[in-house]
1. Within region 550-559, can one find any residue that is in contact with an Asp or Glu (Cβ under 9 Å, 6 or more places away or on another chain), open to solvent by 40 Å² or more (accessible area, probe 1.4 Å), modelled with pLDDT under 95 and of a type outside the set (Ser, Thr, Tyr)?
2. If a residue must be at pLDDT 90 or above, within 24 Å of the chain's Cα centre (by Cα) and of a type in the set (Ser, Thr, Tyr), how many such residues does region 576-618 contain?
3. Which number in (1) surrounded by fewer than 20 Cβ atoms within 10 Å (Cβ to Cβ); (2) under 23 Å from residue 274 (Cα atoms) marks the one condition that residue 476 misses?
4. Go over the candidates 501, 454, 458 one by one and state the one that is assigned to a strand (DSSP E or B) and at pLDDT 90 or above.
5. For region 368-380, does any single residue satisfy the condition of being modelled with pLDDT under 95 and within 30 Å of residue 553 (Cα to Cα)?
6. Can you pull out the residues in region 144-163 that are touching a Pro at 6+ places or on another chain (Cβ under 8 Å) and open to solvent by 20 Å² or more (accessible area, probe 1.4 Å)?
7. Where the second residue is assigned to a loop (DSSP other than H, G, I, E, B) and open to solvent by 30 Å² or more (accessible area, probe 1.4 Å) and the first is on the phi > 0 side of the Ramachandran plot and lies in region 190-217, which pairs have Cβ atoms under 9 Å and are six or more apart or on separate chains?
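The values are calculated or read from the model by the stated rules, or taken from the named source; none is laboratory data. Because the structure is predicted, anything quoted here is derived from the model rather than measured. Here the Cβ positions follow ideal geometry from the backbone for every residue, glycine too, while neighbour counts run over all protein chains shown. Only protein heavy atoms, including side chains, enter the accessible area calculation; ligands, DNA and RNA are left aside. Shrake-Rupley method; radii C 1.70, N 1.55, O 1.52, S 1.80 Å.
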Amino acid sequence: MHIPTSTVTESNLKRITAVIGTLTRSEVPSGIFLHPLAHGLEHPKYIGRSDEPLSLLEFYQSLGELEFSSIEKGIVPDAGALRTAVRTAHREGIIPIGIACFDYQALTLRAVKRFLVQMKDGNDLSLEGLAVPTLLQDRQARFARPLMGWAADAQAVTFSFEERWVLANTSERPTRIDFDAGDGLGIRHVAIGSRLKVSYPTPGEKTLRITCHYPAGSATSVSQIHVLAQSLPEPNEIIAVRATRAYKDVWAGGVMKIYYAPGHSNIEKPLFMWTGFNTGAAAIALSVPTPFDVWDATAELMWAISPSNLLEQARQKGYDIVMIEFDDSRTYIQANAAMIEEAFLLINQRPSKKEPGILVTGSMGGLVARYTLLEMEARSLAHGISKVIMLDTPCLGAVVPMCAQYGLDFLADKVKEVAILRDTILNSYAAKQMLVQKYRPMWSGQEDPQPDELFDELQRDFANLGNWPKQPELYAIANGNNQGKGQSNDAGGVLNPGSQLASFERVDGKNNWKANGVFWAMPNSPETTEPGTKIIEISCIGKLNWQAIVKKSLPWDTCPGGMASFIRLFATNGWTSHTLLAGNTCFVPTHSALAYKGRTDLYATVPDAGSTPFKSFYAPTENQSHAELNDGNVAWLRTVLGIPATSQAAKK
């Protein structure tokens, strides 16, 4: 039972914390006392009573809430060490099944009612007269799921139920586990300490059901995992690449992984691929996973999960795949372009090369490609690229909702994990170069949001080099629709400019503060309006503490475009609880992905390729996730690459 935070004042929050501080380990035998203002663990999915899938992020969040509620260190396993062990097992072909078995104590209904009455009457909080059995009740958290979001090779997936993946503060263990792997064969009975090999008839997303039977009852958890068609290939060559010139004192580096086509012993027909902005370093520091775990989400993985495994199809068609990974994708785009230039030169020096190269890249990677080719053409260096295909590249900029940026900055000074997210991702050089609007610390609300000076500098650099390379054919894929359809809210309705996106709450009992935030999308105000539109409001202990008002802005958050879950991500980092009205917002507007310049109406359709720098482009009928590969755009991409559809693909 928890106390509604709407009833809590600053003084009462301090009193609640003081009362809790009087509890001893003998009174809290589990070592975990759930703070009376926290209530995430009360959701049925954490006690094995929900058919709603438990995400990997939620699994780690629950561990964080248990750790936050621990009265001593070491009661809850370290999430960072767990992630390291999981990654090691995953590289060995093992998918660990994490089983959480935690006992904890929480306030009884009687104690909560006592607190509420005292707060209503304005009295000091006191537990006098309440014996510990009347004050505290025993609770349990029992949930389970795979500790990795994807598995390679559908024909041979090994799930591990070993003891090392049991996370617990109790000696109780499941006496039996009923495991439905989602392969159509129903339930298998497994035990702690065992492994189970599963063969899936088809790749794709699988729904798993794990029922753990304990002496006092059972707990069922539902989760999902993405299974690849086959194991990722082993590269024929791995070559470290270093830029031979620096940009602003940054000497960028990377790695080339080369996969020969069948029958080739060297590179003859290169197909270059690389991905974009990688949040891996921050995710490792935060122990925050994504569905595919960003530190392992290389170009190989992203293309392997595409329909019909396009990467392998390209190899079978005679392409030699050259995957390039940035050492640091978050540094200057120009610095990484200098590294890519060196990679091109190394490949071009090979006498085995018989055909010009083709380049396929996604998101920020397209900006790196554009700058590399422009720079090489300006210096009369042969890049050897005949075609460039950009997947949802922010040619004219990307969008992270301003409300999310300001909210992140507000919490960063109070929550270490949020500071890491802000400093290593939002404030990275590459992010500043891409964002059309960037927060400014301690913004007064008297000026409208503008891009960082690094954004303007990059655009000037492009213009000075001629804007677009002249030698290769240019193609683009947008993940946003080109029919004027804006984003949708979580209820499936239209997300209008200026709509409320979410409300958040942060309770920190240890440091005696509480904050509430309300976030709104950017308005559609191409001209200055008075008094302006509020986009964020943060109140601390019921008093308005901070707000931002915009008087002039385009509807960046709601316009057609490839979408991202920045609001949802923000909700799960730093805030104790949240209500999401629109977890997804526009990340790369369709106009940006297609470089349709000079239009203030972001909902206007792009007439044709002649209005863009591209020879041809693809846009879906509905907004999709940013950089998503699917049947529609992969079929179009096959045509550009000259790869015929397989019979398997034709059936889809």
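1. For region 550-559, residues in contact with an Asp or Glu (Cβ under 9 Å, 6 or more places away or on another chain), open to solvent by 40 Å² or more (accessible area, probe 1.4 Å), modelled with pLDDT under 95 and of a type outside the set (Ser, Thr, Tyr): present.
2. So the count comes out to 3.
3. Just one mismatch for residue 476, condition (1).
4. Residue meeting the stated conditions: 501.
5. no
6. 162
7. Sorted first by the residue in region 190-217, then by its partner, the pairs are 193/162; 204/229; 204/305.
To keep it simple, each residue is scored yes or no on (1) touching a residue at least 12 places away in the same chain (Cβ under 8 Å); (2) out of contact with any Gly (no Cβ under 7 Å at 6 or more places or on another chain); (3) open to solvent by 30 Å² or more (accessible area, probe 1.4 Å).
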| residue | (1), (2), (3) |
| --- | --- |
| 321 | yes, yes, no |
| 328 | yes, yes, yes |
| 333 | yes, yes, no |
| 344 | yes, no, no |
| 355 | yes, yes, yes |
| 361 | yes, yes, no |
| 366 | yes, yes, no |
